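Engineer: Please read through the structure below; I'll follow up with questions.
Here, each number is a calculation from the coordinates, and none is a lab measurement. Note that the structure is predicted; figures quoted are calculated from it, not measured. Cβ atoms come from the backbone with ideal geometry, glycine included; neighbour counts cover every protein chain shown.
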Amino acid sequence: MSTFSTLPPVSSEPSSAIAYAEPQPTAIAAVRRDSEPTLRIRPTKGWAALNIRELWNYRDLLWILVERNIKVIYKQTALGIGWVALQPLIAAVTLAVVFGRVAKLPSDGVPYLLFVFCGLTAWRYFSETAQRSNSSLVNNAQLVSKVYFPRMLIPLSHTFSTLVDFAVMLVMVFIFMAVYRVPPTLRLAAIPGFLLLTAMTATGVAFWFSALSVKYRDCNYALPFFLQIWFYVSPIIYATSTSVSPRWQTLFALNPLVGIVEGFRWSVLGRSALNPSIFWVTVAMSVIALLSGAFFFRRVERDFADII
Amino acid sequence: MSQVALSIQNLSKSFRIAHQREGLPGYKTLHDELMTLPRRLITRFGRNERSTSEIFWALKDVSFDVKAGEALGIIGSNGAGKSTLLKILNRITEPTTGAVDIYGRAGALLEVGTGFHPELTGRENVFLNGAILGMKRAEIRRKFDEIVAFAEVEKFLDMPVKRYSSGMYVRLAFAVAAHLDPEILLIDEVLAVGDAEFQKKCLEKMETVATKEGRTVIFVSHDIDAICRLCSRCILLRHGEVAKTGKTADVVAAYLGGAQDQAPEINFATIESQASFRFAGLYNPKGQASTFFGTDEPLLLKSSFAVRRQIEGLQLSFSVFNFKGDQIFYSSISMAQPAISVEGAGEHYIAAVIPGRFLLPGNYSISLALHTPKTKLYDLREHALSFRIVGTVTDRYDGFAGDELGQIYADVKWRRTDERQPQPSPGGGVSTLASASR
């Protein structure tokens, strides 16, 4: 409240008018004479450019959207940010009991709980981003149909806001490492790189699904199943080296999550070597995922306001 | 100053309306697409689907220029294409054909509160909303105090806006939008909210922007009063086309009065309702259908409507509006002497007479309604008919044809008084009243 005691009274309206400055009209007119239009609106067809420059110009809005996502997601919950830690923990314990204890899946010589939690860290960042941005455009229908801004910002904002979840899980990975006495190695420095690959893949999938769900609400129902299948075809509860024959590993890596999850475990646990062909296929697939999603999004976004 | 701020050339926008036999129109599910895929492949990717979809032109070949510093109003009835036009100018949707060139930074003041998040506090929402409307963070920070002062919500800044009263919410939203700083301002129907005092404040703010600061303003509204106050020039859209351009008063008259080119009789398309209008018409005392009436001529309003099943308490009513859309009066069949019942099933034919020497010259419109008092509206035909009252020699109206003189033809008794005015007595009524109220 003290901030506002210094405010001038409401009757200070004239001063607000001064803020717009009187000489402006002539200034505007001078600039406008014989100049090129500031903005041309024309119907567009086919594929559109990505327009990265415009995205950059709107970076302030992106950060504010990211902030909003973070603030809103666990509002009015008793545990608040605690959920970010609790969800993967419960998931990891469940998986460790079922697949580690009961099914006794091999875990590359490390405790199964740590093994699975490592994979989950990468996986959950991917799946949470995909899931939250899936319905993001539809949830922001009011915005999309009323105001212009690069629509990509909406799914993109989730790529960034989910980083909070990732950070919390990463801290938990370090705690697990300490508990299980796994010595940290220099390979930990590669984590940002694998995070980037995850973010690219997740954003690509997010672009595809959020754009599709504007027209087909089916995506809301299809995505959870899709992710569930994706979870099992990714080496989270098992290791690629022990469960997939070497002949098929490169083909297996067409799923970019293979390289990502293996890469995370490689840098955290410091055990088995990373298969280079898996790594490069993953890099290529992440780039393809991101670019295909972005171009598809740009192609269909012009109709969003009409069909949302 | 004749620079062009905005130039629109042959702008058109079409929508494909799908006629679906079942399900929600507009939404396609993947299942639908898959089921119709074979057929669409056969018919060359759905291009021959004429039987199930049709093209609707929301805008057709619209062209006009807006000069820098001009305040232009865009009016038209619902579905005339106003919103579509504004959406194209705002880049929310793309035109089908045509071009728009905008010279200068354009900003939009759309429905207030767009992008407000109920869970966030007032302070957070100011930043969110400002950024959505295209402001930079630093810019919002600079104007923050001003925005908050304008909205008068200082005390509630750190409260989630879901706990705001609707008045506070709207005030804050408008305050953010009003502090946008574009050279070209696009405004859509923002004044339909808030209490009367705040509406006045908003209008004043917009007047400042439009007239004193010399900005270019494009104002789309149903609020004819606001249009008249803010805009010097207007464009009337009808069925997606520019029907009239010119001075605000003329265009507004064409829109609401519209007597010149509107038929005196209308057959209504039936609607899905238990009671619906069939027909309405206006007739002069000679029994001819007409839209022109002398000041002394009574207006005969005839209407017919169908009632499917007996509706208890059903009433027919109509309202008359002036050229600005202000309601002049209302009348309902319940006022009829002797009483007339229209409750029974079947077709009813009802006539009403609006007496002569009741309305001053000007343009008027009539809305018709079928309803049960305060419970249910069966059919409403807004501004279904319009007519013009013209001054006649016989009633000695002085011939001034403006709408500005009011609407009521008061039966004023004029006389010459030779005597001096009677003086109020010293201990008269006024002081007695004053003492009584104390």
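Engineer: B:Lys13: which lysines have alpha carbons under 23 Å from its alpha carbon, excluding same-chain residues fewer than 8 sequence positions away?
Structural biologist: Partners found: A:Lys45, A:Lys146, A:Lys215, B:Lys28, B:Lys60, B:Lys82, B:Lys87, B:Lys244.
Engineer: Right, next: If you average the alpha carbon positions of segment B:80-104 and of segment A:97-119, how far apart do those two centres end up, in angstrom?
Structural biologist: Result: 58 Å between the Cα centres.
Engineer: Identify the residues of segment A:215-257 with backbone N under 19 Å of a label point that sits 7 angstrom from the Cα of A:Ser277 along the Cα-to-Cβ direction, or state none.
Structural biologist: Within reach of a label on A:Ser277, which here means backbone N under 19 Å from a point 7 Å along Cα→Cβ, segment A:215-257 contributes A:235, A:239-257.
Engineer: Relative contact order (percent) for segment A:51-307, with alpha-carbon contacts under 8 angstrom and 6 or more residues of separation?
Structural biologist: Values: 302 pairs, mean separation 69.2, N = 257.
RCO, segment A:51-307: 27 percent.
Engineer: Let me ask you something else. Please identify the DSSP H helices in chain A that span no less than 27 Å along the helix axis (Cα) and have a mean Kyte-Doolittle hydropathy of -1.0 or more.
Structural biologist: Correct list, ordered by number: A:112-134, A:191-215, A:276-300.
Engineer: Rounded, prolate or oblate, given the Cα gyration tensor of segment B:272-365, with a/c below 1.5 counting as rounded?
Structural biologist: prolate
Engineer: For segment B:129-218, just say rounded, prolate or oblate: build the C-alpha gyration tensor, square-root its eigenvalues into a ≥ b ≥ c, call rounded for a/c under 1.5, and beyond that prolate if a/b exceeds b/c, oblate if not.
Structural biologist: Verdict is oblate for segment B:129-218.
Engineer: Name the most mobile residue of A:Arg132, A:Arg181, A:Arg265, meaning the one with the largest mean-square fluctuation, in a Gaussian network model of chain A with Cα contacts below 10 Å.
Structural biologist: Result: A:Arg181 has the largest fluctuation of those listed.
Engineer: Another question about this same structure. For an R0 of 41 angstrom, estimate the FRET efficiency from the Cβ-Cβ distance between A:Gln142 and B:Ala249 and round to the nearest 0.05.
Structural biologist: 0.70
Engineer: Express as a percent, rounded to the nearest 5, the fraction of DSSP beta bridges in segment B:261-390 (both residues included) that run antiparallel.
Structural biologist: The answer is about 95 percent antiparallel.
Engineer: Further question: Taking only the alpha-carbon positions of segment A:254-308 and ignoring solvent, what does the Debye formula give for the base-10 log of I(q)/I(0) at q = 0.19, 0.21 Å⁻¹?
Structural biologist: Debye curve over Cα of segment A:254-308, log10 I(q)/I(0) at q = 0.19, 0.21 Å⁻¹: -0.68, -0.75.
Engineer: When you take every Cα atom in segment A:51-307, what is the radius of gyration, and what is Dmax, the widest Cα pair distance, in Å?
Structural biologist: Computed over the Cα atoms of segment A:51-307, radius of gyration and Dmax are 18.7, 57 Å.
Engineer: Assuming a ≥ b ≥ c are the square roots of the Cα gyration tensor eigenvalues, decide whether segment A:171-308 counts as rounded (a/c under 1.5), prolate (otherwise, with a/b larger than b/c) or oblate.
Structural biologist: It comes out prolate by the Cα gyration axes.
Engineer: Can you give me the distance in nm between label points at A:Arg302 and A:Thr185, each placed 7 Å from the Cα along the Cα-to-Cβ direction?
Structural biologist: 5.1
Engineer: Between A:Gly293, A:Gly46, A:Gly80, where does the largest GNM mean-square fluctuation fall for chain A, given springs only between Cα atoms within less than 10 Å?
Structural biologist: The residue that fluctuates most here is A:Gly46.
Engineer: Sticking with this one: Using Cβ contacts closer than 10 Å as the measure, can you line up A:Lys75, A:Lys104, B:Lys374, B:Lys60 from fewest to most?
Structural biologist: Least to most surrounded, the residues fall as B:Lys374, A:Lys104, A:Lys75, B:Lys60.
Engineer: Amide H to amide H under 5 Å from B:Gly294: which residues, 5+ apart in sequence or cross-chain, H placed 1.01 Å off N in plane?
Structural biologist: So B:Gly294 has HN proximity to B:Val390.
Engineer: Something else about it: Could you work out the relative contact order of segment B:261-390? I mean the mean sequence separation of Cα pairs under 8 Å and 6+ apart, divided by the number of residues, in percent. Can you show the working numbers first?
Structural biologist: Values: 315 pairs, mean separation 38.9, N = 130.
In percent, rounded to a whole number, it is 30.
Engineer: Mind checking which of A:Phe166, A:Phe176, A:Phe226 has the largest fluctuation in a GNM of chain A, springs on alpha carbons under 10 Å?
Structural biologist: Checking each option, the largest mean-square fluctuation is seen for A:Phe226.
Engineer: Going by how many other Cβ atoms sit within 10 Å of their own, how do A:Val268, A:Val110, B:Val220 line up, fewest first?
Structural biologist: Taking fewest neighbouring Cβ atoms as first place, the list is A:Val110, B:Val220, A:Val268.
Engineer: List, in order, the whole-Hz ³J(HN,Hα) value for each residue of segment B:83-89 obtained from phi through the Karplus relation with A = 6.51, B = -1.76, C = 1.60 and θ = phi - 60°; use x for Gly and Pro.
Structural biologist: Result, ordered by residue: 5, 4, 4, 5, 5, 5, 4 Hz.
Engineer: For B:Ala289 and A:Leu291, what does the FRET efficiency come to when R0 = 56 Å and r is the distance between their Cβ atoms, rounded to the nearest 0.05?
Structural biologist: 0.25
Engineer: Neighbour counts of other C-beta atoms within 10 Å: give me A:Phe160, A:Phe207 arranged from fewest to most.
Structural biologist: Numbers: A:Phe160 18, A:Phe207 28.
The most exposed by this proxy come first: A:Phe160, A:Phe207.
Engineer: Going by amide H atoms built from the backbone, whose H comes under 5 Å of the H on B:Leu186, apart from near neighbours?
Structural biologist: HN-HN under 5 Å from B:Leu186: B:Gly107, B:Ala108, B:Leu109, B:Ile218.
Engineer: So who's got an amide H within less than 5 Å of the one on B:Phe279, skipping anything under 5 residues away but keeping other chains? H placed 1.01 Å off N, in plane.
Structural biologist: Those qualifying (amide H under 5 Å, at least 5 residues apart or on another chain) are B:Phe268, B:Ser304.
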